[in-house]
1. Considering only residues that are assigned to a helix (DSSP H, G or I), of a type in the set (A, V, I, L, M) and open to solvent by less than 30 Å² (accessible area, probe 1.4 Å), which ones fall in the range 95-133?
2. Tell me, please, whether a residue that is more than 19 Å from residue 127 (Cα to Cα), in contact (Cβ under 8 Å) with a residue 60 or more places away in the chain and either open to solvent by less than 20 Å² (accessible area, probe 1.4 Å) or of a type in the set (A, V, I, L, M) (or both) can be found in the range 45-57.
3. Please determine whether any residue of the range 4-11 is open to solvent by less than 60 Å² (accessible area, probe 1.4 Å) and of a type in the set (Phe, Trp, Tyr).
4. May I ask you to say which residue of 12, 22 is in contact (Cβ under 8 Å) with a residue 12 or more places away in the chain and aromatic (Phe, Trp, Tyr)?
5. Any chance you could count how many residues in the range 106-126 are closer than 15 Å to residue 7 by Cβ, touching a residue at least 40 places away in the same chain (Cβ under 8 Å) and aliphatic (A, V, I, L, M)?
6. May I ask you to list pairs of residues, at least six apart or on different chains, whose Cβ atoms are under 6 Å apart, with the first in the range 83-105 being under 15 Å from residue 3 (Cβ atoms) and the second being exposed (fewer than 15 other Cβ atoms within 10 Å of the Cβ)?
7. Given 46, 63, 78, 37, which one is modelled with pLDDT of 95 or more, closer than 19 Å to residue 119 by Cβ and either in contact with a helix residue (DSSP H, G or I) (Cβ under 7 Å, 6 or more places away or on another chain) or among the β-branched types (Val, Ile, Thr) (or both)?
Amino acid sequence: MKSKTTAAWLSFLGGPLGLHRFYLRGMGDWLGWLLPIPTALGIYGIERVHMYGVDDGLSWALIPMLGFTIAGCALMAIIYGLMTPEKWNARFNPSASTDAEPGRTNWFTIGAVVLALFFGSTILMASIVFSFQRYFEHQIEEGRKISQ
């Protein structure tokens, strides 16, 4: 039986690698296999910043992919953690009763939800700010080149 608490923690901690998808849907889940791609691209963007500096145009497009993936997985942790036991068990434990233990919420589940809310929203806002800052700095740079 699939535990709501385990799924919430896997989504929060290992979501960008697709661990929660594999836990809930098995190793054949195609989205679980696709999740590491934007994660790897974002990490590559961070490496490009280390290699070429903060003015690298490609890095400001790649780094937010990591942030948005982490924020999306944190959102899934929140959704899993706040799902009612009846809905959880009907969806992921169809052979169990609607009030079975794996679908119940406990303090450990709430801990995953709180941390996912805090870190997910922080990373989401940081990714949006980083994207807009780099975009507008790039536009100003291009404007200076044209006017010279």
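1. 112, 113, 116
2. To start, the set of residues in the range 45-57 that are more than 19 Å from residue 127 (Cα to Cα) comprises 51-52.
Restricting the remaining residues to those that are in contact (Cβ under 8 Å) with a residue 60 or more places away in the chain gives none.
No: the range 45-57 contains no residue that is more than 19 Å from residue 127 (Cα to Cα), in contact (Cβ under 8 Å) with a residue 60 or more places away in the chain and either open to solvent by less than 20 Å² (accessible area, probe 1.4 Å) or of a type in the set (A, V, I, L, M) (or both).
3. Checking the range 4-11: at least one residue is open to solvent by less than 60 Å² (accessible area, probe 1.4 Å) and of a type in the set (Phe, Trp, Tyr).
4. On the way: 22 fails: in contact (Cβ under 8 Å) with a residue 12 or more places away in the chain.
Being in contact (Cβ under 8 Å) with a residue 12 or more places away in the chain and aromatic (Phe, Trp, Tyr) holds for just one of 12, 22, which is 12.
5. Residues flagged as closer than 15 Å to residue 7 by Cβ, touching a residue at least 40 places away in the same chain (Cβ under 8 Å) and aliphatic (A, V, I, L, M) within the range 106-126 amount to 4.
6. 85/99; 89/98; 93/1; 96/1; 102/1
7. The unique qualifying residue is 78.
The values are calculated or read from the model by the stated rules, or taken from the named source; none is laboratory data. In this text the structure is predicted, and so the values were computed from the model without any measurement. Reconstructed Cβ throughout: ideal geometry from the backbone, glycine too, with neighbour counts over all protein chains shown. Calculation scope for accessible area: heavy atoms of the full protein, side chains included, ligands and nucleic acids excluded. Shrake-Rupley method; radii C 1.70, N 1.55, O 1.52, S 1.80 Å.
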